[in-house]
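Below is one structure, written out as C-alpha cells; comments come after it.
No value in this document is a laboratory result; all are computed from the given coordinates. Since this is a predicted model, take the numbers as computed values, not measurements. No Cβ is skipped: glycine too gets one built from the backbone with ideal geometry, and neighbour counts run over all protein chains shown.
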There are 2 protein chains.
Amino acid sequence: MPHSYEYPRAALTVDCVVFGFDGASLKLLLIKRGLGPFKAKWALPGGFVRVNETLDDAARRELAEEAGLEKVYLEQLYTFGELKRDPRERVVTVAYFALVRPADHALVATTDADAAEWFPLADLPALAFDHAAIIAVARERLRGKIRYQPIGFELLPPKFTLTQLQTLYEAILGVMLDKRNFRKKLFAIEVVTPLDEIRRDVPGRPAQLYRFDASRYARLLKSGIHFEL
Amino acid sequence: MPHSYEYPRAALTVDCVVFGFDGASLKLLLIKRGLGPFKAKWALPGGFVRVNETLDDAARRELAEEAGLEKVYLEQLYTFGELKRDPRERVVTVAYFALVRPADHALVATTDADAAEWFPLADLPALAFDHAAIIAVARERLRGKIRYQPIGFELLPPKFTLTQLQTLYEAILGVMLDKRNFRKKLFAIEVVTPLDEIRRDVPGRPAQLYRFDASRYARLLKSGIHFEL
DNA sequence: AAGTTTTGGTGTTAGGGCCACACCAAACGA
DNA sequence: TCGTTTGGTGTGGCCCTAACACCAAAACTT
C-alpha cells in the first residue's frame, strides 16, 4: 500500500452510457462484470480513473478496454457521489454518454469484462450499482439534446436515408413524426446534402442517400442559429 | 499519513459558482483564499469533499463555511479533471452553480477564506486555478437554463415587480426584451400571482408586487408543458 | 407481363405564436 | 401645477407549425 494521504479519499471512476442504433431501435451497450462486487452482473462499461489521465481519457480507455470501442462521440453527463453506491467503499463516478454506430465496431470484451453486448433500451437486464439511475439520466439528456443539436448523425452510417434519420428521431423522442414536416425542417437547417447514390439492397423503391455536412453545421453554430426538429 | 491505498488517488473537491442579483446587474460571489496555492487570490468558494459526505453536501457545507450561505438553490454543473489544474497534485473538482438573493444573506468569511465579496460579472478579478473557465461554463448553463425553467425567481425576493423580473432576464440573457411581450408570455405560463401590495419606496408610479406560484409550476411540470420567455 | 408489395417522395392550408410598436396613468418633488 | 419617473396596457402582420393524402419507383410473385 505505497500511497498514503493525510485524509481518506474517495475512489474515482468513470462509467459510460453507450447508445447505439441499428436502424430500428435504440440499444445500450452493457458488459458482464468479470470481477469484484456484482461479478457476472451486467453493468455499464467503466472503471477507475488513473491519477495521470484526464476524465475524458479514462472514459475512452475504458471503452476501448472493455468493449473494443474507439473514436466515438463522448460527452460528460453527470457525477454521482452517493455514499453507498458501491458496497466496498466510497466511490464517486463521473458518468459519460457515448453515441456509436454498432455496425462500425465489433464488440470485444477484454480486461475486466467477460462479455459486451447490445441490449434494447426497452428491455434491460438487472444492473450493478446505481447504473439503472445513471442510464435514466442519460436517456433524459439524449432526448433533450437531440432537439437542438444534430447529434443523431453520430448514430447513423455516413450515408443514410431520410427515413433512417427520421426513425432514429422517433426512437429517441418516443413519438411519431410527420414525414413531410420532418423533411421540410431538416432541409431548412441545411445540414444534410444529397449524394449521387441511392440505396439498393432493400425491397421497395430505392431511397436517396444523404450525408451530414459538418462544415455547414459549424458555420451555423458560429452564427448562433437556433433550430430544432 | 494514516490513509493508504494500493493505487494513487486524485483529491476530490467541489467549487461553487454563486450568482446573485441586486436589482440591476448579475453578481458573482468570490472568496479571497486564506491558504495554500494562490493564497490571497480571489477564487470560487469550495474545498475538499470528505469521505463520508455526498457531493451536494460538500458543496452546501463549503458555502456555509466560506461565505455564510445556507439554503440556496444549488445544482451540479460539470466535473473538471484536467491534469494540471492544481499545481500541488492531481485534483478533480465537481463544480456547482448556485442562485442567491444577496439581500437575504450577510456574507461571512470563515475557515479558509479571508474575505467573501460580490463582484459584478462584467468585471471579475484574476482568479485562482481554472476558475475562470468554470465560471464561463456556468454562465452558459445559466443562460440556457433560464429560457425554459423559472429559476430566475431564486434570484429575486419573494415579492417582486415585473420590471425587476424583466431586468433580471435581460441581465442574464444579455438582450433587451419587449415589456408587453414579456408580460404576455409570463401571464400565459401562469406562474406568478399578484399580491395585494404595491411597492412604495421608489420614485415614480408604484408597481404591483407579485409572487412566484411554485405549486402551479409543479403542476405544469407534471403535465409536461414547454415554455420559454 | 401483369399485378402486388414495399418503400420513397412531394405541397397546401389553416391556425397559433411571435414580434414590433406607442400612449396614458400614478405618484413624487420642485 | 408642472415636470419627472416608473408602471401598465392592445393590435396587427408575418412566419412558423402542424395536419393532411396521393403518386412513383423498384422488386418479387405468379
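Remarks
- Calculated log₁₀ intensity ratio I(q)/I(0) where the Debye formula runs over C-alpha points of the protein assembly as shown, q = 0.12 Å⁻¹: -1.20
- Temperature 20 °C, viscosity 1.002 mPa s: under these conditions the Stokes-Einstein estimate for the stretch A:40-80, based on its Kirkwood radius over C-alpha pairs, is 192 µm² per second.
- Counted residue by residue at 0.36 nm each, then reduced by the alpha carbon distance between them, the extension gain from A:Asp123 to A:Leu35 reaches 29.3 nm.
- Theoretical FRET efficiency, 1/(1+(r/R0)^6), r = Cβ-Cβ of B:Ala136 and A:Arg199, R0 51 Å, to 0.05: 0.70
- Size of electric dipole in the stretch B:76-229: Cβ of Lys, Arg +1 and of Asp, Glu -1, about Cα centre, debye, nearest 20: 820
- Prolate/oblate/rounded call for the stretch B:58-151, Cα gyration tensor, a/c under 1.5 rounded: oblate
- Restricting the GluC sites (Glu not before Pro) of the stretch A:54-95 to loop positions (DSSP other than H, G, I, E, B) with no more than 14 neighbouring Cβ atoms within 10 Å leaves A:Glu70, A:Glu89.
- CD proxy at 222 nm, helix term only [per DSSP H run n ≥ 4: -39500 (n - 2.57); per residue of chain B; nearest 500]: -8500 deg cm²/dmol
- Counting Cβ atoms of other protein chains within 10 Å of each Cβ in B:50-57 and taking the mean gives 5.
- With the largest listed first and rounded to whole Å, the semi-axes of the equivalent ellipsoid of the stretch A:87-229 from the Cα gyration tensor are 32, 20, 15.
- Tensor-based shape of the stretch A:7-63 (alpha-carbon gyration tensor, a/c under 1.5 rounded, otherwise prolate or oblate): oblate
- Sites A:Ala115 and A:Lys159, calculated FRET efficiency, Cβ-Cβ separation with R0 35 Å, nearest 0.05: 0.65
- Averaged over the residues of peptide B:3-15, the number of Cβ atoms from other protein chains lying within 10 Å of each residue's Cβ is 6.
- Calculated on alpha-carbon atoms, Rg and Dmax of the stretch B:126-187 in Å: 13.9, 44
- Here the stretch B:120-153 is scanned for amide nitrogen atoms under 18 Å from the site 7 Å beyond the Cα of B:Glu75 along Cα-to-Cβ, giving B:134-153.
- Each listed q (0.13 Å⁻¹) maps to a log10 I(q)/I(0) for the stretch B:164-229 from the Debye sum over equal C-alpha point scatterers, namely -0.45.
- Loop-resident trypsin sites (Lys or Arg not before Pro) (DSSP state other than H, G, I, E or B) in the stretch B:153-229 with no more than 10 further Cβ atoms inside 10 Å of their Cβ: B:Arg200.
- Cα-based convex hull volume of the stretch A:1-158 per residue, rounded to whole Å³: 122
- Length released on extending from B:Lys222 to B:Gln208, taking residue separation times 0.36 nm less the Cα-Cα span: 2.1 nm
- For the pair the stretch B:200-229 / the stretch B:39-108, the C-alpha centres are spaced 30 Å from each other.
- Taking the DSSP beta bridges with both ends in chain A, the antiparallel portion is around 70 percent.
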